[in-house]
Structures are given as C-alpha cells and as structure tokens.
Amino acid sequence: MTTSREQIEAEITRTREELRTTVDELSDRLSPKNLAQEAADEVKIAVADLKRRATGEVRAPDEPEPTRTGWVLLGTGALVALTVVRKVVRRL
C-alpha cells in the first residue's frame, strides 16, 4: 500500500502537534515554581504525619501518606534550622 503525499504531510502535522503538547506538559511539570509547590506540599504532609504520630492519632484513609521526598525535605529543613541556631548561639 502506498501512502500519498497528503497522508504523509497529515501524519507529520499530527506528530508535531503531539510532540508540542508533550513538550508543553513537561515544561509545566518541571517548572521551578511547580516543583517548589510540590515540595512544599510534600513537607506539609510529612509535618501533619509527624504531628499525628506525636499525639497518637491515626491517619484518616482519605489523607495522603507522606512520601520519602517529604521526609527528606523535612529533615533537611530541620538540619538547616539547627545549623543556623547553633551559629547564632555561638556568636552570643
């Protein structure tokens, strides 16, 4: 079966549009603003879970479970805060 020039051009046009859509989605997903918002959301979930654990509450089934990323970011933030406090105290 031979493919006509018009069919080939139509296929190229469809492929270009699909590629453009994919690139737009990746650009949106990987934008620094969106990545920062996702990280902040992960930390909030981890903090909420930490509060529940400290008070002995049980996580409701509809609440998201904290991810490894959330715990890592929370720990990193705590370490940075501890380092800043230690430096301030040493200067006093």
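A simple spin-label model places the labels of T22 and V72 2.6 nm from each other, with each point 7 Å out along Cα-to-Cβ. Per-residue extension of 0.36 nm, minus the Cα-Cα distance of T2 and L35, leaves a gain of 7.2 nm for this segment. For the stretch 73-83, putting each phi into the Karplus relation 6.51 cos²θ - 1.76 cosθ + 1.60 with θ = phi - 60° gives couplings of 5, 5, x, 5, x, 5, 5, 5, 4, 4, 5 Hz, in residue order, rounded to whole numbers and with x for Gly and Pro. Using alpha carbons only, how many degrees (0 to 90, rounded to 10) separate the axis of helix 5-29 from the longest principal axis of the chain? It is inclined by approximately 10 degrees. Between the residues P61, S27, I45, the greatest Cα displacement towards the positive end of the dipole of the chain, with unit charges on the Cβ of Lys, Arg, Asp and Glu, is found for I45. With the gyration tensor restricted to C-alpha atoms of the chain, the semi-axes of the equivalent ellipsoid amount to 49, 21, 8 Å, longest first. Evaluated with a Cβ-only charge set (Lys, Arg +1; Asp, Glu -1), the chain carries a dipole of roughly 1100 debye about its Cα centre, given to the nearest 20.
Here, each number is a calculation from the coordinates, and none is a lab measurement. Bear in mind the structure is a predicted one, so any value in this text is a computation, not a measurement. Neighbour counts are summed over all protein chains in view; Cβ atoms, including those assigned to glycine, are modelled from backbone coordinates with ideal geometry.
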